[in-house]
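Trainee: Right, I'll just put the structure down here and ask away after.
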Amino acid sequence: MPWVEARVVATHDETPSAKTLRLALPAPSTHRAGQHYIVRLTAPDGYQASRSYSVASAPDGSNEIELTVERLDNGEVSTFLHDGLEVGDDIEVRGPIGGWFVWDGEMPALLVGGGSGIVPLMAMLRLARATGRSELVQLILSVRSPVDLYYAHELPGPETAVVYSRVAPPGSARPPGRLTPDDLEGAVQHDGTAYVCGSPPFADAASRLLVGLGVPVDRIRVERFGPSG
Amino acid sequence: MAKFTRGFAGRGKAARDARLPPGQYDIGRGWPVLTAEVTPNLDTSTWTFTVDGLVQRATTWTWDEIHGLTPSTFSGDIHCVTTWSKLGVTFAGVSVDTLLSAAKPSPGASHVMARSHTGYTTNLPLADVTDGKAWVVWEYDGAPLEVQHGGPARLLVPHLYFWKSAKWVSGLQVMDHDEPGFWERNGYHDRGDPWLEQRYQGD
């Protein structure tokens, strides 16, 4: 799997601390929903830094992918991608990577995300919608406050629900608070796979809730996002 | 040959710690948790560790029994394939050599499959878990190993990428051939030497 040069063709802010990069690859991307790419930066003295970022866009046979990058304080790669990178620049990428946290759009899937953990789940939701199979997917996303919500205009739909842990939007029926069994119960399927993505504490809490609701441990796939800057 | 990234100065090659393999960075005091499964709750009163497969004497140890073996510690560095390394760490437990010398691998033994109480597996050449290169550990920097880092006990094979150091390890199956474990079936390298950057299948 070679390093290839990708051109930045567009960028936009998802939130004050998250930015989506649209990259053009030399050839069509073969990624599956849930996979990630590695981005590598090289300085003039040969110093290199690389990090993994989940693909947010659905597999569509094109040579463009979208990565959403959370800005981490002192993150040497994420701060450069936010502040230094411009449309028209080239960066080196390698991928797609990962054969476990993937969904191919054919079986029921319960997607449970916390904060920036939405990114690989968004690729799954977009795949479901693009192929007319939204009924296979239920997405429950927990975010701190409305300003932290990625893809805010695109997310709403009958197959998605957002819960707020700290600050809820005005008029919300649900008071702000952590994910509870009630938030998940209606979305649990009996024949699907659950995909849980978020920080380690979120992933542990959400997967324990699912186990408590009767989801077998071997039907839960977890991706924990580390502070890897 | 890598292409320079316009505008990226980086933190300077000269300042790079010589203990860092290529493509790795020093995570400092942090220790990310990147498990792909639900964190299990394991009770040390029923915990066991087993060496079986191609051995002359398949052996199972309880928590108390494995603590009765000759203790062994590792001090050094660990390297995760997701590019962080953690330098100058200390783990304590028992050497895999001690466990294998009890079970006695049979002639022809060449590989092991490490397995976990969760069902996780990872494959290793026998040579990578013998001669003081691998441990089953239950202490990190003098304290019990926390569950999110694989406690009560995990495998430790620090000269290979850290997914080889199976969390919640339950045993080693000795084999006369290699076969891929969990991540190795999912795109990752069969051996995983960080100094050769053996990250993915084909590297």
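Trainee: Output the number of residues of the range B:62-93 satisfying the condition of being among the charged types (D, E, K, R) and free of Cβ contacts under 8 Å to residues at least 40 places away in the same chain.
Mentor: 2
Trainee: I would also like to ask the following. Please work out which one of (1) more than 11 Å from chain B (Cβ to nearest Cβ); (2) closer than 29 Å to A:G75 by Cβ is the condition A:L213 fails and give its number.
Mentor: Going through (1) more than 11 Å from chain B (Cβ to nearest Cβ); (2) closer than 29 Å to A:G75 by Cβ one by one, A:L213 breaks only (2).
Trainee: In addition: For the range B:173-200, what are the residues that are part of a loop (DSSP other than H, G, I, E, B) and without any contact (Cβ under 8 Å) to a residue 24 or more places away in the chain?
Mentor: Those that are part of a loop (DSSP other than H, G, I, E, B) and without any contact (Cβ under 8 Å) to a residue 24 or more places away in the chain: B:N186, B:G187.
Trainee: Going through B:G28, B:G88 one at a time, which residue ends up being more than 14 Å from chain A (Cβ to nearest Cβ) and of a type in the set (G, A, S)?
Mentor: That would be B:G88, the only listed residue that is more than 14 Å from chain A (Cβ to nearest Cβ) and of a type in the set (G, A, S).
Trainee: Enumerate the strands (runs of 3 or more DSSP E) found wholly within the range B:66-172, keeping only those where 1 or more residues are among the hydrophobic types (A, V, I, L, M, F, W, C) and more than 30 Å from A:A205 (Cβ to Cβ).
Mentor: Because the criterion is at least 1 residues that are among the hydrophobic types (A, V, I, L, M, F, W, C) and more than 30 Å from A:A205 (Cβ to Cβ), the strands (runs of 3 or more DSSP E) in the range B:66-172 that meet it are B:71-79, B:84-95, B:111-116, B:121-125, B:135-140.
Trainee: While we're on this one: Mind checking which residues of the range A:117-140 are closer than 19 Å to A:D13 by Cα and surrounded by 24 or more Cβ atoms within 10 Å (Cβ to Cβ)?
Mentor: Result: A:G117, A:I118, A:V119, A:P120, A:L121, A:M122, A:A123.
Trainee: Among the residues of the range A:192-218, write down those that are at pLDDT 90 or above, surrounded by 16 or more Cβ atoms within 10 Å (Cβ to Cβ), of a type outside the set (G, A, S) and closer than 18 Å to A:F101 by Cβ.
Mentor: A:T193, A:Y195, A:V196, A:C197, A:F202, A:D204, A:L210, A:V215
Trainee: Out of (1) away from chain B (no Cβ under 12 Å); (2) of a type outside the set (D, E, K, R); (3) crowded, with 19+ Cβ neighbours inside 10 Å, what's the single condition that is false for A:P108?
Mentor: With (1) away from chain B (no Cβ under 12 Å); (2) of a type outside the set (D, E, K, R); (3) crowded, with 19+ Cβ neighbours inside 10 Å applied to A:P108, the lone miss is (3).
Trainee: In the range A:160-191, how many residues are surrounded by 18 or more Cβ atoms within 10 Å (Cβ to Cβ) and of a type outside the set (A, V, I, L, M)?
Mentor: 3
Trainee: B:V147 passes all but one of (1) within 14 Å of chain A (Cβ to nearest Cβ); (2) of a type in the set (V, I, T); (3) touching a Lys or Arg at 6+ places or on another chain (Cβ under 8 Å); which number fails?
Mentor: (3)
Trainee: If you take the residues of the range B:98-117 that are of a type in the set (G, A, S) and crowded, with 16+ Cβ neighbours inside 10 Å, which of them is nearest to the chain's Cα centre (by Cα)?
Mentor: Ranking the qualifying residues of the range B:98-117, first place goes to B:A114.
Trainee: At least 1 residues that are at the interface with chain B (Cβ under 8 Å from one of its Cβ atoms) in each: list the strands (runs of 3 or more DSSP E) lying fully within the range A:1-96 that qualify.
Mentor: So the answer is A:4-15, A:36-42, A:48-54.
Trainee: Within the group B:T59, B:T39, B:T50, which residue is more than 10 Å from chain A (Cβ to nearest Cβ), of a type in the set (S, T, Y), under 26 Å from B:L160 (Cα atoms) and touching a residue at least 60 places away in the same chain (Cβ under 8 Å)?
Mentor: B:T50
Trainee: Also: Go over the candidates B:G7, B:G28 one by one and state the one that is assigned to a loop (DSSP other than H, G, I, E, B) and touching a Gly at 6+ places or on another chain (Cβ under 6 Å).
Mentor: When all the criteria are applied, what remains is B:G7.
Trainee: Let me ask something additional. B:T122 passes all but one of (1) farther than 17 Å from B:V51 by Cα; (2) within 14 Å of chain A (Cβ to nearest Cβ); which number fails?
Mentor: B:T122 satisfies every listed condition except (1).
Trainee: A further question on this structure: If I filter the range A:68-89 for residues that are in contact with an Asp or Glu (Cβ under 8 Å, 6 or more places away or on another chain), outside the structural domain of A:V137 (by TED's automatic domain parsing) and under 26 Å from A:I220 (Cα atoms), do I get at least one hit?
Mentor: Checked the range A:68-89: at least one residue is in contact with an Asp or Glu (Cβ under 8 Å, 6 or more places away or on another chain), outside the structural domain of A:V137 (by TED's automatic domain parsing) and under 26 Å from A:I220 (Cα atoms).
The values are calculated or read from the model by the stated rules, or taken from the named source; none is laboratory data. This one's a predicted model, so the numbers in the text were calculated from it and none came from an experiment. In this analysis, Cβ positions are derived from the backbone assuming ideal geometry, glycine residues included, and neighbour counts consider all displayed protein chains.
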